[in-house]
Amino acid sequence: MTYMDSNRKRVGICEWVLPFVGVEAIECAARIGFDCIQIAERGGSEAGYPLSDQRIQDEYRRAIDHTGLQIHSLHLWTLCRQACMIHPLDSACGRVGLESICEAVKACYALEIPRLMLTSGFMCQIKNERDFVQFSESLRAACEIAGEKDITVVFESALDVWEIKRMCDIVGPSLRICYDIFNPIRFHTADPREEIKQIGLNKIDHFHLKDGPDNCIGCTLLGQGCGHFDEVMNIIQTLGYQGSYITENYYTASPLSEQDNFDALAHMHLKTIHRALQQQVL
């Protein structure tokens, strides 16, 4: 299958930061002016794999056709809560993880979604060497399953640059990285202005954009927090990046939730990103 996913710069938003889910989230993102959306799996195994349901897939197709919005990627949020990625593949939990990945790949193929995203966080956080090794085995299996349908597996974590590179080396060249420009500051692991250069664009599939206050609790408007937004965006462009930017600022959480007009707030962020992309690289 050939996926409709051009290399031009695209600006999108994560479904889980919107006040809507599913088709309503697609319509909301399109109404605000985003090019694409990163969706979640709506409960995965805990909800009987909703995205495997033909009727729900048809609803998504109609929304995509109507709005012209692209589904950039499918993120397996539920696996973050289930800890399946850090359990042996032949364990009960590990088998649920593999089944979830298989169902997600089928959904991606049916809906022409070019990327499947897996995250080390929450209950799947990599805390030690055993977790690291097991997560790498799960990622390798995911890459093999997704690769059969020409779907790219993308990995996001709070690991430092050396562990990210190590994960890529172990799993193989097909694994790509989602780099969140604020997470290194929030988790006190690195300065994104340096870490992006160290990782290299050859490993980065797309960027998550967010900003936050000095205490790193909640999110601020892009460029108004401690995340060095303008500097980071300039560095990314200087390196020649041509891929997607997906905003993950949590509009439904304080302090952003204290502002009344969600659409206006998200549109303001969209304009901020476009302004950053249009600025001349120094």
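Which condition number in (1) over 30 Å from ARG61 (Cβ atoms); (2) assigned to a loop (DSSP other than H, G, I, E, B); (3) in contact with a helix residue (DSSP H, G or I) (Cβ under 6 Å, 6 or more places away or on another chain); (4) not β-branched (Val, Ile, Thr) is the one that LYS127 fails?
LYS127 satisfies all of (1) over 30 Å from ARG61 (Cβ atoms); (2) assigned to a loop (DSSP other than H, G, I, E, B); (3) in contact with a helix residue (DSSP H, G or I) (Cβ under 6 Å, 6 or more places away or on another chain); (4) not β-branched (Val, Ile, Thr) except (3).
Hey, ASP58 hits all of (1) closer than 26 Å to SER244 by Cα; (2) in a loop (DSSP other than H, G, I, E, B) but one; which does it fall short on?
ASP58 satisfies all of (1) closer than 26 Å to SER244 by Cα; (2) in a loop (DSSP other than H, G, I, E, B) except (2).
Starting from residues that are in a helix (DSSP H, G or I) and among the charged types (D, E, K, R), keep the ones in the stretch 166-185 and report whichever is surrounded by the most Cβ atoms within 10 Å (Cβ to Cβ). Show your work before the answer.
Filtering the stretch 166-185 down to residues in a helix (DSSP H, G or I) leaves 166-171, 183-185.
Adding the requirement that they be among the charged types (D, E, K, R) leaves 166, 169.
On the way: ARG166: 14, ASP169: 11.
Here the residue is ARG166.
Checking TYR49 against (1) more than 19 Å from the chain's Cα centre (by Cα); (2) surrounded by fewer than 21 Cβ atoms within 10 Å (Cβ to Cβ), only one condition comes out false. Which one?
With respect to (1) more than 19 Å from the chain's Cα centre (by Cα); (2) surrounded by fewer than 21 Cβ atoms within 10 Å (Cβ to Cβ), TYR49 is out only on (2).
From GLY68, GLY121, GLY97, which residue is touching a residue at least 24 places away in the same chain (Cβ under 8 Å), under 19 Å from the mean Cα position of the chain (by Cα) and over 16 Å from CYS14 (Cβ atoms)?
Only one candidate passes the filter, namely GLY97.
Residues checked against (1) β-branched (Val, Ile, Thr); (2) over 20 Å from VAL133 (Cβ atoms); (3) surrounded by fewer than 21 Cβ atoms within 10 Å (Cβ to Cβ):
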{"position": "PHE155", "(1), (2), (3)": "no, no, no"}
{"position": "PHE187", "(1), (2), (3)": "no, yes, yes"}
{"position": "ALA190", "(1), (2), (3)": "no, yes, yes"}
{"position": "ARG193", "(1), (2), (3)": "no, yes, yes"}
{"position": "GLN198", "(1), (2), (3)": "no, yes, yes"}
{"position": "ILE204", "(1), (2), (3)": "yes, yes, yes"}
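Quick check on the stretch 206-225: of everything there that is aliphatic (A, V, I, L, M), assigned to a loop (DSSP other than H, G, I, E, B) and in contact (Cβ under 8 Å) with a residue 24 or more places away in the chain, which residue is surrounded by the most Cβ atoms within 10 Å (Cβ to Cβ)?
Within the stretch 206-225, the match that is surrounded by the most Cβ atoms within 10 Å (Cβ to Cβ) is LEU222.
I'd like to verify a number: residues in the stretch 167-192 that are over 23 Å from GLY227 (Cβ atoms) and free of Cβ contacts under 8 Å to residues at least 24 places away in the same chain, how many?
Total satisfying the criteria: 2.
Which condition number does CYS216 fail, the rest of (1) modelled with pLDDT under 90; (2) under 23 Å from ALA30 (Cα atoms); (3) not acidic (Asp, Glu) being met?
(2)
Pick from the stretch 250-271 the residues that are more than 14 Å from GLY33 (Cβ to Cβ) and touching a helix residue (DSSP H, G or I) at 6+ places or on another chain (Cβ under 6 Å): which of them is surrounded by the fewest Cβ atoms within 10 Å (Cβ to Cβ)?
GLN259
Please go through the stretch 71-94 and pick out each residue that is surrounded by fewer than 22 Cβ atoms within 10 Å (Cβ to Cβ) and either farther than 17 Å from GLY44 by Cα or free of Cβ contacts under 8 Å to residues at least 40 places away in the same chain (or both).
Once the filter is applied, which keeps residues that are surrounded by fewer than 22 Cβ atoms within 10 Å (Cβ to Cβ) and either farther than 17 Å from GLY44 by Cα or free of Cβ contacts under 8 Å to residues at least 40 places away in the same chain (or both), the stretch 71-94 yields THR78, HIS87, PRO88, LEU89, ASP90, SER91, ALA92, CYS93.
The values are calculated or read from the model by the stated rules, or taken from the named source; none is laboratory data. Given the structure is predicted, the values throughout are model-derived calculations rather than measurements. Note that we place each Cβ from the backbone using ideal geometry, even for glycine, and neighbour counts take in every protein chain shown.
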